[in-house]
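Notes to accompany the following structure.
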Amino acid sequence: MEPIKKIKIGLFVIFFIVMFFSISFSYFESLSMFDSFYLTIITMFTIGYGDIHPITYMGRLTAILLALTGTSVGLFTFGSTLQLFVEGYFRKANRMRNMKNRIKNMKDHYVLCGYGRIGKVVANRLAKRGADFVVLDLSEENLVSEFEKNPEFNYICGDATLDECLIEANIKNAKTLISTMPRDSDNVFVTLSAKRLNPNIHVVSKAEETVSMDKLLIAGADKVVSPYMIGGMRLAELAIKPDVLDFFSTFMSIANYEYNEDIDLRKYNILKKYEGISIFDLLTQINYNVSIIGIKSKNGSLNVNPAKDTILHLDDQIYVFGTYDQLESFEQFIN
């Protein structure tokens, strides 16, 4: 039985005992209800001041029964309460120790700085993909709340702009840092610190202001995203071309919710072993049912919806469309 249930049962039994024996003392000893209640409490908890004590035969017998039952129930309730705190403390300490060990042993993971509204969306997406990630944020309440719901959640409560917090998040072995801090100045500082601690890390940062996007790129961010710009562009596109975007959004929603298929678009670099072959030959050789919907060459030109006989060149970037499982298999093969 859970300790909390034991405590509830113990408190209920204690209440019943106090009421029953208070009435009994009042009847057998001709005491007021307050004096009977007082005698019950000091007998039950073995205090015994001696100012009030049972005189009659039935009163003394009642005191004996109270001492046996009341003390036992009191010890039971106290032990259950102690068990609740001790087990809770050690369980939490053990979970925290396991989490720190997971973070310490992580490799090629994501470091998410900031756990606000955007940060939570990013974390949910990473968790859905099964990616290893660590959240860095100052709001201990939000982090602990998520940790209580999900024991596999990894977090560090601290300031992401401090090097020691990034080091604790195992930044040197991380693959990507995602900065969703509320202030652009903090995102710049986090980017600078991350690049200094791990020059090879891929940094994706949020920008509140448009003017901050260039500053983040200069600071070393590989990609900068403006939620307001993206939101504004989508609103405009929905107003100008509602049918196109509605069709694509509906298609994605149907695939996800009705057929449990997670549709995605990913980018891959063409390696030397695939240089000089056509798209048709590549897909035939790999034997994966995905669609290549675009090719970006080294000179920056973009070929949208390329023909199947289009020849691939070294370091071309291909944009591949398919389900999550298809893309995972394709990625393992092509890389």
Filter the stretch 265-289 down to residues that are modelled with pLDDT under 85 and assigned to a loop (DSSP other than H, G, I, E, B) and give me whichever is farthest from GLN326 (Cα to Cα).
ASN287
Identity of the residue in the stretch 137-171, within 11 Å of the chain's Cα centre (by Cα) and assigned to a loop (DSSP other than H, G, I, E, B), that ends up surrounded by the most Cβ atoms within 10 Å (Cβ to Cβ):
ASN154
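For ALA93, state whether it is in a helix (DSSP H, G or I) and closer than 30 Å to LYS172 by Cα. Spell out how you get there, then give the answer.
Details: in a helix (DSSP H, G or I): yes; closer than 30 Å to LYS172 by Cα: yes.
For ALA93, the condition - in a helix (DSSP H, G or I) and closer than 30 Å to LYS172 by Cα - is met.
Among what's in the stretch 276-323 and is touching a residue at least 40 places away in the same chain (Cβ under 8 Å) and surrounded by fewer than 16 Cβ atoms within 10 Å (Cβ to Cβ), pick the residue that is nearest to LYS128 (Cα to Cα). Reasoning before the result, please.
Within the stretch 276-323, the first condition is being touching a residue at least 40 places away in the same chain (Cβ under 8 Å), and the residues that meet it are 286, 288, 290, 312-323.
Now narrow it down to the ones that are surrounded by fewer than 16 Cβ atoms within 10 Å (Cβ to Cβ): 286, 313-315, 317, 321.
Values: ILE286: 26, HIS313: 34, LEU314: 33, ASP315: 30, GLN317: 26, PHE321: 19 Å.
Checked the stretch 276-323; the qualifying residue nearest to LYS128 (Cα to Cα) is PHE321.
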Can you pull out every residue in the stretch 221-241 that is more than 20 Å from VAL111 (Cβ to Cβ), out of contact with any Lys or Arg (no Cβ under 9 Å at 6 or more places or on another chain) and touching a residue at least 12 places away in the same chain (Cβ under 8 Å)?
TYR228, MET229
Criterion: part of a loop (DSSP other than H, G, I, E, B) and either under 30 Å from PHE85 (Cα atoms) or assigned by TED's automatic domain parsing to the domain that holds PHE85 (or both) - qualifying residue of TYR27, TYR49:
TYR49
Options ASP186, ASP163, ASP132, ASP159: the member that is of a type in the set (Asp, Glu) and closer than 30 Å to TYR324 by Cβ
ASP132
Of the residues in the stretch 5-42 that are surrounded by 17 or more Cβ atoms within 10 Å (Cβ to Cβ) and at pLDDT below 85, the one that is farthest from the chain's Cα centre (by Cα) is GLY10
With the structure loaded, tell me whether PHE85 is within 30 Å of MET44 (Cβ to Cβ), in contact with a helix residue (DSSP H, G or I) (Cβ under 6 Å, 6 or more places away or on another chain) and either aromatic (Phe, Trp, Tyr) or not assigned by TED's automatic domain parsing to the domain that holds GLU208 (or both) or whether it fails that test.
no
Some residue of the stretch 151-160 being at pLDDT below 90 and either closer than 30 Å to GLY10 by Cα or in contact with a helix residue (DSSP H, G or I) (Cβ under 6 Å, 6 or more places away or on another chain) (or both)
yes
When both residues are 6+ apart or on different chains and their Cβ atoms are under 7 Å apart, which pairs have a first residue that lies in the stretch 38-65 and is basic (Lys, Arg), and a second that is not in a loop (DSSP other than H, G, I, E, B)?
none
Does GLU209 satisfy being part of a loop (DSSP other than H, G, I, E, B) and at pLDDT 85 or above?
yes
Scan the stretch 73-111 residue by residue and report those that are at pLDDT 80 or above, among the polar types (S, T, N, Q) and over 20 Å from the mean Cα position of the chain (by Cα).
THR77
For residues that are in contact (Cβ under 8 Å) with a residue 40 or more places away in the chain and more than 17 Å from LEU162 (Cβ to Cβ), tally how many sit in the stretch 181-220.
1
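The values are calculated or read from the model by the stated rules, or taken from the named source; none is laboratory data. If you're wondering where the values come from, they're calculated on a predicted model, not measured in any experiment. Neighbour counts run over all protein chains shown; Cβ positions are idealised from the backbone, glycine included.
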